[in-house]
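The values are calculated or read from the model by the stated rules, or taken from the named source; none is laboratory data. Model, not experiment: these values are computed from the prediction. Quick reminder, even Gly has a Cβ in these numbers, built from the backbone with ideal geometry, and neighbours come from all protein chains shown.
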Amino acid sequence: MAAAGFVIRNHAGSPVVAGTRKIGSTTILVADCSALKDGLLHALHLNYSKLLVEGDSKLVIDCVNKISDPPWKICSLIRDIQGISRMFEEISFSHIPRETNFVGDAIASLGHQSSDVIIWRDKLPLSACSAINLDQFSFCVVRDFVL
């Protein structure tokens, strides 16, 4: 079972909105694309015009940046993401290592617990606070680190 989660932060790195939802039985690749699309749609809803998007799926980031051709399973999601991206004044997509994306992982994992979409505004759930603290203080973690 998969869940998709995103975190939108302001210029100082503080969370503005986060969201998650259960997707069901699918691949991690589809979950990563779904999370990216959800985050972009929320950024549009908040009237953001300039975005720096970071994602830990190198394949998804490369497909959105047109470096790689998307696998058939995510073609329509990639097209949707590229279409939504054109609505922003400025947007860039960059890959970050999975080991540094523990905030996104913490939010996404909460999606497994609910059948509804969950949105948090101006703060994160308590279970994700330790992840945001590690991230804001720039602690490095090693592969397979668990909060």
Quick check, is residue 91 touching a helix residue (DSSP H, G or I) at 6+ places or on another chain (Cβ under 6 Å), among the β-branched types (Val, Ile, Thr) and closer than 20 Å to residue 1 by Cα? no
Given the condition farther than 21 Å from residue 129 by Cβ, under 14 Å from the mean Cα position of the chain (by Cα) and not aromatic (Phe, Trp, Tyr), answer yes or no: does some residue in the stretch 96-111 qualify? yes
Determine the pairs where a residue that is of a type in the set (Gly, Ala, Ser), located within the stretch 62-74, has a partner that is surrounded by 15 or more Cβ atoms within 10 Å (Cβ to Cβ) with Cβ atoms under 6 Å apart, the partner being 6 or more residues away or on another chain. 68/62
Residue 76: part of a helix (DSSP H, G or I) and either at pLDDT below 95 or within 20 Å of residue 106 (Cα to Cα) (or both), yes or no? no
Mind listing whichever residues of the stretch 54-84 are buried (at least 20 other Cβ atoms within 10 Å of the Cβ) and of a type in the set (Val, Ile, Thr)? 60, 61, 64, 74, 78, 81
Selected residue (criterion: nearest to residue 88 (Cα to Cα)) from residues of the stretch 46-77 that are polar (S, T, N, Q) and out of contact with any Asp or Glu (no Cβ under 6 Å at 6 or more places or on another chain): 47
Please pick out the residue among 66, 50 that is in contact with a strand residue (DSSP E or B) (Cβ under 8 Å, 6 or more places away or on another chain), at pLDDT 95 or above and over 19 Å from residue 5 (Cα atoms). 50
Hits in the stretch 92-142 (condition: modelled with pLDDT of 85 or more, assigned to a loop (DSSP other than H, G, I, E, B) and surrounded by 12 or more Cβ atoms within 10 Å (Cβ to Cβ)): 96, 117
Scan of the stretch 15-41 for residues that are free of Cβ contacts under 8 Å to residues at least 40 places away in the same chain and either in a strand (DSSP E or B) or surrounded by fewer than 22 Cβ atoms within 10 Å (Cβ to Cβ) (or both), ordered by number: 24, 25, 26, 28, 38
